[in-house]
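The values are calculated or read from the model by the stated rules, or taken from the named source; none is laboratory data. Computed from a predicted structure; not experimentally measured. FYI the Cβ positions are ideal-geometry reconstructions off the backbone, even for glycines, and counts take in every protein chain you see.
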Amino acid sequence: MAAAEALLEVRGLGMRFGGIVALDDVSFTARRGEITAVIGPNGAGKTTAFNCITGFYRPSAGSLQLTHADGRGFALAAMPGHLIARRARVARTFQNIRLFAGMTVLENLLVAQHVPLMAATGLGVLAILGLGRYRAAERHAIAKARLWLERTDLLARADDPAGALPYGAQRRLEIARAMCTDPVLLCLDEPAAGLNPRETAALDALLRGIRDEGCSLLLIEHDMGMVMRVSDHIIVLDHGRKLGDGTPAEIRADPRVIAAYLGEDEEDADHLAPADAP
Amino acid sequence: MRAIFRLPPGLACMAGMQHALVESGLDQDLGLGWRRVASWRITRGVGLAYALQQLINGVTLGMIYGLIAVGYTMVYGIIGMINFAHGDVFMIGAFLSLIALSGLASLGITAVPLALAITLVFAAALAALYGWTIERVAYRPLRGSFRLAPLISAIGMSITLQNFAQVTQGARVKPLAPLVPGGLVLTRAGGFAVQLSWMQITIAVTTVLCLAVFTWLVTKTPLGRAMRACEQDLKMAGLLGIDTDRTIGLTFVIGTALAAVAGLLFLLYYGAIDFYIGFIAGVKAFTAAVLGGIGSLPGAVLGGLLIGLIETFWSAYFSVQYKDVAAFSLLAVTLVFLPTGLLGRTDVEKV
Amino acid sequence: MSQRAPLLDAFLSALVALGLFAPMVGLETTVGVHGIVLVPRPLAVAALVGAVFVLRLAVRLWQARRPPAPAGAGAVRIGRAWAGMGRFLVPVLLAAALLMPWVASRATIDLGVLLLTYVMLGWGLNIVVGLAGLLDLGYVAFYAVGAYAYALIAENTGLGFWSCLPAAGALAALWGITLGFPVLRLRGDYLAIVTLAFGEIIRIVLLNWVSLTGGPNGIAGIPRPTLFGLRFTMTDDPGTFAGFFHLVPSPVQRQMFLYYIILALALLTNWVTLRLRRQPLGRVWEALREDEIACRSLGINITTTKLTAFAVGACFGGFAGAFFATRQGFISPESFTFMESATVLAIVVLGGMGSQLGVVLATLIMIGAPEMFRALADYRMLIFGLALVVMMVLRPRGLVTERKPSVTLGRGAAAIPAALIAEGHG
């Protein structure tokens, strides 16, 4: 993957909330076809960076340039959140799972395909009358949902409410839902949190599969074992600044990273850093 | 220097609209009657005096709204519900005041300060009992339940109180002879006297005293601390050993006592009440609370003053009929630009 | 509270009741020659305090006899029962609605028209509140816009009900979009107060724009609907329904006609809602209610989605308003007060948010029952208010609490329990 080109270029990203600086002049590149991990102690600004990339926060400084394979470029910092998902094709999951709990697993995946489905229904009007290409579009959408349910091992639960799934399954469903939007970049916020080792191993395979099919990943994760196993490239953040980046082997050998991670324990990091942006 | 005196865009637009409407004669159709006030603009001195008088009247009205709004905002801050029955407790407070004043008069207690003090305590205490009971009966069983259930329950309570007052006290408007007539003439200009009535002074003094006591209660006492803790995080406050049910109950008690004071002041100021005053005043006060930033106590008072002022000035310069439209429009415009009101916390959206 | 002995508890309740009722009930303020005179009513106070004592004691003794069920268990059970019964209840209700005018008295048909109007309003608001989770306290505004739109268009152009109906709906929807656009990014209760304010603004404008709306006098002589051009009048010339079908003209014919119009309009609302629920638009409304932020992350434009819900709900409100105008033949601002908005909202919430069957059941309870007790006069609304409180306390989630999935993968899916369903924050 050495020849991979840049997919997302983050330049001088800064984010402040009132007086608190959550991100300060962070620059990195995520390359196409790779899994890029963002690591760092709690409060390092990882989720804040994600929120900037996916349009939930407007960065105070810096630029976020996303380039599609066909050469089209998107300046994410200036785009409204829903267009980042729709046009720039950046999908995400959430640290605190955000499923449509009162809807079934299948419904969750169909809502994810709302944009193409809506186009096929003539903005909803034709479908009421049973006209248009709606039926075909829905069949197609259900087929895609079924595909992702199989890959995330949720097919048997398709008609159960999402809120009734066990924790690990909810995490997988969130990934499936994000994938149903056909993203070029999938941002995962701690996908392995709360999973048991067996589930984590399955997640490894799922993420690699997604990458190999051409969707690049950006990953926040605290499970270092998993990060080292799946990542092609790692970015280390600490106190809102970039500490370093490189391949897993390079990161493992970087004394600054070791100091940040091992030199002070997590409690201290919690204490010193501003709360990780909500 | 000119820039300083430029109207805010919204007002400038309204002024332009007014001009266009008057030109086209449509204002008569709309019943706006702007020409009514044209005569006051003949001389600048009169214009200023007239404006000063409106300022005094507006602040008086705004104080009454502010007192009611504080109750809305407290309840909202602590349990996040719109207490629709609050305006009706204000109405009950006005009736209790009327009953007390009439009772005292028939007992021969006619010294005004004494009668007012007794009435104030009586109305505030009994209205607080209403507030406590309402919370206990209609809201506490719904705590932690579905968000809209307490809202509907509150609407039900509002209907109940309105009709309770109608059934028990009759539907007729109840008049009260002015207790404190007269006032100060601040200034005269071209035959127009700017008056500050004793009643307005009474209202201002009472409001300021009540708000001072209230501020002390919220900032300096253990109860106030418990209330602020509950406002921050009800569940956590409970885990830390605060009796949240009791705190919420007391929040209602304080809020409704203030509303009853407002009821007394309303009765004194307007000299007439009926069972329906609660709805209008309640909606206005709630508007004031939202305008100021719901959950913010200074915001509630500020919002009340603003609503009082805009209503008074709009009635004085444009049209009485559309004063509520002006107040509501001010709210809508403010919320479009400041989605959490003037002094509301603009919390970062949690993702 | 629960540890106290029942007798002591009842005594304390009675004491509170004494405080509440002694001045308000015990001393009536009457307007005399020299100002207010107080008329004492000690017996009424004694009776009320006694009643509170007895009731409280009874409730406590009843509670002591049976251990309390886990909170909400009963409610869930009943909610399931309703949802299960839906399969039988729906055809029965529909058949009853279709056949009712043929067997019922004129007064009953009138009541049926009233009930169906509220059912339609409830179904319309259900789209906004129940599906999209947007709290709208000013729904009556759209009802009013529809009614006045029809009345004014008919008055000024001479067009009939059927030609004006789409315009009334469209105008209401347009209002919904115009009002909704600036305020839909507000959350929760801010939206609630702004919608309430808009409802009041429209009423005040209707009241004061005398040259257009007739102000408080309203608009009279609104044309009645025709059946393919056939009028319903008391003559039997060929242009009338009775004349064309060689019937004896009777007011019942027009009444039945109106009844079937509102039934059709209500069923249209229901049909559109049910269809939309199974399609992307309706599904995304529900997703919005569940989690707005997740919707945004999926590329969904939240503002437009909310606007569509607002507009569709408003459109049906407008239809209902046009029907109200043609049925009454007269409208005035008095019919469009906040009470109407509150009543319709209460129907939706009591029905169980998002449930179409729930709206029907709630309307029967909330509108049907008070109509039966017209004799209670002044006490009717007092009881209505108390009943609202009691029903909410007993069934906070409403009558029908479950949600049926809009799409399944082959096998039939179970209904989704209420506890999982979000209520929206917009």
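Looking at C:Gly112, C:Gly124, C:Gly158, C:Gly169, can you tell me which residue is touching a Ser or Thr at 6+ places or on another chain (Cβ under 8 Å), more than 14 Å from chain B (Cβ to nearest Cβ) and small (Gly, Ala, Ser)? Talk me through it step by step, then tell me what you get.
Working: C:Gly112 fails: touching a Ser or Thr at 6+ places or on another chain (Cβ under 8 Å); C:Gly158 fails: touching a Ser or Thr at 6+ places or on another chain (Cβ under 8 Å); C:Gly169 fails: touching a Ser or Thr at 6+ places or on another chain (Cβ under 8 Å).
The conditions single out C:Gly124.
Identify, from the list A:Leu109, A:Leu126, the residue that is at pLDDT 95 or above, among the hydrophobic types (A, V, I, L, M, F, W, C) and out of contact with any Asp or Glu (no Cβ under 9 Å at 6 or more places or on another chain). Please lay out each step first, then the result.
Working: A:Leu126 fails: at pLDDT 95 or above.
So the residue among A:Leu109, A:Leu126 that is at pLDDT 95 or above, among the hydrophobic types (A, V, I, L, M, F, W, C) and out of contact with any Asp or Glu (no Cβ under 9 Å at 6 or more places or on another chain) is A:Leu109.
For the range B:180-212, how many residues meet the condition of being surrounded by fewer than 13 Cβ atoms within 10 Å (Cβ to Cβ) and outside any strand (DSSP E or B)?
The total comes to 7.
For the range B:147-179, which residues satisfy the criterion of being over 21 Å from the mean Cα position of the chain (by Cα), crowded, with 21+ Cβ neighbours inside 10 Å and among the hydrophobic types (A, V, I, L, M, F, W, C)?
Once the filter is applied, which keeps residues that are over 21 Å from the mean Cα position of the chain (by Cα), crowded, with 21+ Cβ neighbours inside 10 Å and among the hydrophobic types (A, V, I, L, M, F, W, C), the range B:147-179 yields B:Leu148, B:Ala149, B:Ile152, B:Phe164.
Filter the helices (runs of 4 or more DSSP H) completely within the range C:105-224 down to those with at least 3 residues that are more than 21 Å from the chain's Cα centre (by Cα). Quick ask: steps written out before the conclusion?
Details: elements: C:106-125, C:140-157, C:161-183, C:188-208, C:210-213.
Here the list reads C:140-157, C:161-183, C:188-208, C:210-213.
Keeping to the range B:200-238, report how many residues are of a type outside the set (Lys, Arg) and farther than 25 Å from B:Gln53 by Cα. Write out each step before concluding.
In the first step, residues of the range B:200-238 are kept if they are of a type outside the set (Lys, Arg); the result is B:200-219, B:221-224, B:226-227, B:229-234, B:236-238.
Then keep just the ones that are farther than 25 Å from B:Gln53 by Cα; that gives B:212-219, B:221-224, B:226-227, B:229-234, B:236-238.
Total satisfying the criteria: 23.
Only one residue in C:Gly318, C:Gly313, C:Gly282, C:Gly299 is in contact with a helix residue (DSSP H, G or I) (Cβ under 6 Å, 6 or more places away or on another chain) and free of Cβ contacts under 8 Å to residues at least 12 places away in the same chain. Which one?
Numbers: C:Gly318 fails: free of Cβ contacts under 8 Å to residues at least 12 places away in the same chain; C:Gly313 fails: free of Cβ contacts under 8 Å to residues at least 12 places away in the same chain; C:Gly282 fails: free of Cβ contacts under 8 Å to residues at least 12 places away in the same chain.
One residue alone meets the criteria, C:Gly299.
Listed here are the residues, each with its yes/no results for (1) facing chain A (nearest Cβ under 8 Å); (2) surrounded by fewer than 24 Cβ atoms within 10 Å (Cβ to Cβ); (3) farther than 18 Å from C:Thr226 by Cα.
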position: C:Phe257; (1), (2), (3): no, yes, no
position: C:Val272; (1), (2), (3): yes, yes, yes
position: C:Arg275; (1), (2), (3): yes, yes, yes
position: C:Pro280; (1), (2), (3): yes, no, yes
position: C:Asn301; (1), (2), (3): yes, yes, yes
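Of the residues B:Ala128, B:Ala149, B:Ala138, only one is within 30 Å of C:Gly188 (Cα to Cα), in a helix (DSSP H, G or I), facing chain C (nearest Cβ under 7 Å) and in contact (Cβ under 8 Å) with a residue 40 or more places away in the chain; which? Step through it out loud before you land on a result.
Values: B:Ala128 fails: facing chain C (nearest Cβ under 7 Å); B:Ala149 fails: in contact (Cβ under 8 Å) with a residue 40 or more places away in the chain.
That would be B:Ala138, the only listed residue that is within 30 Å of C:Gly188 (Cα to Cα), in a helix (DSSP H, G or I), facing chain C (nearest Cβ under 7 Å) and in contact (Cβ under 8 Å) with a residue 40 or more places away in the chain.
Please specify each residue of the range A:67-100 satisfying the condition of being over 14 Å from A:Leu8 (Cα atoms), basic (Lys, Arg) and more than 17 Å from the chain's Cα centre (by Cα).
Those that are over 14 Å from A:Leu8 (Cα atoms), basic (Lys, Arg) and more than 17 Å from the chain's Cα centre (by Cα): none in the range A:67-100.
Report whether or not B:Gly255 is in contact with a helix residue (DSSP H, G or I) (Cβ under 6 Å, 6 or more places away or on another chain), closer than 25 Å to B:Leu151 by Cα and either part of a loop (DSSP other than H, G, I, E, B) or away from chain C (no Cβ under 13 Å) (or both). If you could, list the steps in order and put the result at the bottom.
On the way: in contact with a helix residue (DSSP H, G or I) (Cβ under 6 Å, 6 or more places away or on another chain): yes; closer than 25 Å to B:Leu151 by Cα: yes; either part of a loop (DSSP other than H, G, I, E, B) or away from chain C (no Cβ under 13 Å) (or both): yes.
Yes: the conditions hold for B:Gly255.
For a quick check of your reading of the model, give me the residue pairs whose first member lies in the range B:260-278 and is assigned to a helix (DSSP H, G or I), whose second is among the acidic types (Asp, Glu), with beta-carbon atoms closer than 8 Å and at least 6 apart or on different chains.
Listed pairs, sorted by first residue: B:Gly278/B:Asp88.
Among the residues that make up the range C:413-424, is at least one of them at pLDDT below 85, under 21 Å from C:Pro280 (Cα atoms) and among the β-branched types (Val, Ile, Thr)?
Yes; the residues of the range C:413-424 include at least one that is at pLDDT below 85, under 21 Å from C:Pro280 (Cα atoms) and among the β-branched types (Val, Ile, Thr).
Starting from residues that are in contact with a helix residue (DSSP H, G or I) (Cβ under 6 Å, 6 or more places away or on another chain) and assigned to a helix (DSSP H, G or I), keep the ones in the range A:149-172 and report whichever is farthest from the other protein chains (Cβ to nearest Cβ).
Among those that are in contact with a helix residue (DSSP H, G or I) (Cβ under 6 Å, 6 or more places away or on another chain) and assigned to a helix (DSSP H, G or I), it is A:Gly168.
Which members of the range A:175-198 meet the condition of being part of a helix (DSSP H, G or I) and either in contact with a Lys or Arg (Cβ under 6 Å, 6 or more places away or on another chain) or surrounded by 18 or more Cβ atoms within 10 Å (Cβ to Cβ) (or both)?
Taking the range A:175-198 first, the residues part of a helix (DSSP H, G or I) are A:175-179, A:197-198.
Selection gives A:Ile175, A:Ala176, A:Arg177, A:Ala178, A:Met179.
Tell me, which strands (runs of 3 or more DSSP E) wholly within the range A:36-148 include 1 or more residues that are crowded, with 24+ Cβ neighbours inside 10 Å? Full working, then the answer.
Values: elements: A:61-67, A:73-75, A:90-92.
By residue number, A:61-67, A:90-92.
Looking at C:Val145, C:Val194, C:Val129, can you tell me which residue is surrounded by 24 or more Cβ atoms within 10 Å (Cβ to Cβ), closer than 26 Å to C:Gly358 by Cβ and among the β-branched types (Val, Ile, Thr)?
Working: C:Val145 fails: closer than 26 Å to C:Gly358 by Cβ; C:Val194 fails: closer than 26 Å to C:Gly358 by Cβ.
Sole residue among the options that is surrounded by 24 or more Cβ atoms within 10 Å (Cβ to Cβ), closer than 26 Å to C:Gly358 by Cβ and among the β-branched types (Val, Ile, Thr): C:Val129.
For the range C:383-404, indicate whether the set of residues that are at pLDDT 80 or above, over 21 Å from the mean Cα position of the chain (by Cα), assigned by TED's automatic domain parsing to the domain that holds C:Ser341 and within 27 Å of A:Val111 (Cβ to Cβ) is non-empty.
Looking through the range C:383-404, at least one residue is at pLDDT 80 or above, over 21 Å from the mean Cα position of the chain (by Cα), assigned by TED's automatic domain parsing to the domain that holds C:Ser341 and within 27 Å of A:Val111 (Cβ to Cβ).
Among the candidates C:Leu227, C:Leu276, C:Leu247, which residue alone is modelled with pLDDT of 85 or more and out of contact with any strand residue (DSSP E or B) (no Cβ under 6 Å at 6 or more places or on another chain)?
Values: C:Leu227 fails: modelled with pLDDT of 85 or more; C:Leu247 fails: modelled with pLDDT of 85 or more.
Exactly one residue qualifies, and that residue is C:Leu276.
Output the number of the condition that C:Val390 fails; it satisfies all remaining conditions of (1) away from chain B (no Cβ under 13 Å); (2) without any contact (Cβ under 8 Å) to a residue 60 or more places away in the chain.
(1)
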